[in-house]
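Colleague: After the structure tokens below, expect a handful of questions from me.
The values are calculated or read from the model by the stated rules, or taken from the named source; none is laboratory data. Fair warning: this is a prediction, and the values are worked out from it, not measured in the lab. Here the Cβ positions follow ideal geometry from the backbone for every residue, glycine too, while neighbour counts run over all protein chains shown.
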């Protein structure tokens, strides 16, 4: 169940709150292969299970940017902003990939609304997103996502 924030004033009021966690999603080899096709990044550590088995992680791992891109899937499952005409992905700050994501891993995103700044026509929200990997002490990805909500 997602956290619902009502409009621009609701965003301001929610600054400093942890908004919750998304459901878990599995990192499959199919997802990794499709990302490799879409981006042209066919490095063996991602797409060659046989060679990767002998590599440093013992299996294939997800591309860092694949893990980052899953935030577009996970974030709306955590927070929904209503009472605005639209939301726009404005960018990201401080992206890090502290831990590799082996195929078969399960990931989820935790979200905290850390800042809100007025912009022409609306507000810009900064959300600290931590992509957690089940069973790991280190996150798979940490990022500050910038979203603009227009009245």
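Colleague: Which of the helices (runs of 4 or more DSSP H) contained wholly in the range 1-47 include at least 3 residues that are within 15 Å of residue 125 (Cβ to Cβ) and touching a strand residue (DSSP E or B) at 6+ places or on another chain (Cβ under 7 Å)?
Modeller: 7-14
Colleague: Can you pull out every residue in the range 55-86 that is over 30 Å from residue 10 (Cβ atoms) and in a loop (DSSP other than H, G, I, E, B)?
Modeller: First pass over the range 55-86, keeping only residues over 30 Å from residue 10 (Cβ atoms): 55-66.
Within the range 55-86, 55, 56, 57, 58, 59, 60, 62, 63 meet the criteria.
Colleague: If you don't mind, there's one more thing I want to ask. Filter the range 12-27 down to the residues that are over 15 Å from residue 111 (Cα atoms) and touching a helix residue (DSSP H, G or I) at 6+ places or on another chain (Cβ under 9 Å), then identify the one that is surrounded by the fewest Cβ atoms within 10 Å (Cβ to Cβ).
Modeller: For the range 12-27, the residue satisfying everything is 25.
Colleague: Residue by residue through the range 97-109, note down the ones that are outside any loop (DSSP other than H, G, I, E, B) and buried (at least 18 other Cβ atoms within 10 Å of the Cβ).
Modeller: 107, 108, 109
Colleague: Here is a further query. Mind telling me which of the residues 92, 52 ends up being farther than 17 Å from residue 107 by Cα, in contact with a helix residue (DSSP H, G or I) (Cβ under 6 Å, 6 or more places away or on another chain) and either surrounded by 14 or more Cβ atoms within 10 Å (Cβ to Cβ) or modelled with pLDDT of 95 or more (or both)?
Modeller: That would be 52, the only listed residue that is farther than 17 Å from residue 107 by Cα, in contact with a helix residue (DSSP H, G or I) (Cβ under 6 Å, 6 or more places away or on another chain) and either surrounded by 14 or more Cβ atoms within 10 Å (Cβ to Cβ) or modelled with pLDDT of 95 or more (or both).
Colleague: Could you figure out which of (1) in a strand (DSSP E or B); (2) under 30 Å from residue 151 (Cα atoms); (3) within 17 Å of the chain's Cα centre (by Cα) isn't true of residue 132?
Modeller: (2)
Colleague: Which pairs do you get when a residue that is loosely packed, with under 15 Cβ neighbours inside 10 Å, found in the range 55-68, comes within reach of a residue that is part of a loop (DSSP other than H, G, I, E, B), reach meaning Cβ atoms under 6 angstrom, with the pair 6+ apart or on two chains?
Modeller: Correct list of pairs: 57/100.
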